[in-house]
Amino acid sequence: MATTSTPTQFALLSRILHWLMAAMLLAMLFIGVSMVASLGNYHRLVAIHRPLGIMILILAAIRLINRKLTKLPPFPPTMSPQERFAATTSEKLLYVLMFALPLVGWGMLSAGHYPIVMFGPFHLPPILPAIPTLYAVLRKAHTILAYLLFLTFLAHLSAVLFHTLIIRDRLLNRMALWPTPKAAARPVTMTVRPATDDSEVEKPQAGEKIDDSKPKPEG
Ligand code: HEM
């Protein structure tokens, strides 16, 4: 049961990290795809891609610790057990991918014996031995994980939009950057109109002559 100490929103740091990382991850997916598709901008894009990816790795660690330390708002009553299971599973998958993608990127460059340049002269050390076949495997894994991230993100977005726009249970308020004290915990109120008298009105059947002498229903 919701009590006054039950939060209706995620903690402020969680909400800030959520939107910041959503923007960074989407940017990374598009930068990654543009990078491999464009010859002209490859070096400029890869120079952004590497440090941004490592930044995501650091933020993912902060986000995980923050999540373990803060109280989460309960799921709204409009979510079925199956939806709750799907939401929890996809969230876990997103966390795994937020760690796996940058680590695989870093490992892949290490295995390919490439310098892992961050800013100017600042390089990261290799985390794996230089083995060409390992590079080939990790390069493929980086692409597959990126597609998986994109698909999980789409599923997550669709579920949130479905709840917010169709079911209208204010699910999105849980993650809003501004305070919405009653957020999604507020039960959805629906106005139930009494059955219209339509069903009780005797309708003339096809071909039946309307008898004006019958008393008409009131209203
Ligand atoms: C969340 C973090 C990351 C995301 C979402 C991401 C996403 C991507 C995507 C979508 C591609 C294009 C894949 C393809 O179409 O084949 C790519 C390529 C690449 N990524 Fe990442 N990446 C991330 C982190 C990193 C990190 C941390 C590094 C290195 C430190 C890295 C290094 C690379 C390199 C070098 C390529 C291009 C390889 C080539 O030229 O063939 N990535 N990444």
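Any read-out appearing in this document is the output of simple, stated calculations on the displayed coordinates, not a laboratory observation. Keep in mind the model is a prediction, meaning the values are calculated, not measured. Note: ideal-geometry Cβ built from the backbone for every residue, glycine included; neighbour counts use all protein chains shown.
Some notes on this structure:
- Gyration tensor verdict on region 102-161 (Cα atoms; rounded if a/c is under 1.5, prolate if a/b is larger than b/c, oblate otherwise): oblate
- Were the residues from residue 136 through residue 13 laid out at 0.36 nm apart, the gain over their Cα-Cα distance would be 40.5 nm.
- Summing +1 for each Lys or Arg and -1 for each Asp or Glu among the other residues whose beta-carbon sits under 14 angstrom from that of residue 35 gives +3.
- Under 12 Å, Cβ to Cβ, from residue 133 - net charge with Lys/Arg +1 and Asp/Glu -1: +2
- With K and R counted +1 and D and E -1, the other residues having a Cβ less than 15 Å from that of residue 61 yield a net charge of +3.
- Mean separation of Cα contacts under 8 Å (6+ apart) over length of region 12-185, as relative contact order %: 22 percent
- Relative frequency of Cα-Cα separations exceeding 22 Å in region 12-185, percent: 51 percent
- Judged by the mean number of other Cβ atoms found within 10 Å, the most tightly packed of the peptides 63-73, 49-59 leads the ranking 49-59, 63-73.
- For the pair residue 80 and residue 166 in one chain, pulling the backbone fully straight at 0.36 nm per residue adds 29.5 nm over the alpha carbon distance.
- In this structure, the amide hydrogen of residue 118, modeled 1.01 Å from its nitrogen in the peptide plane, lies closer than 5 angstrom to those of 123, 124, counting only residues at least 5 positions away or on a different chain.
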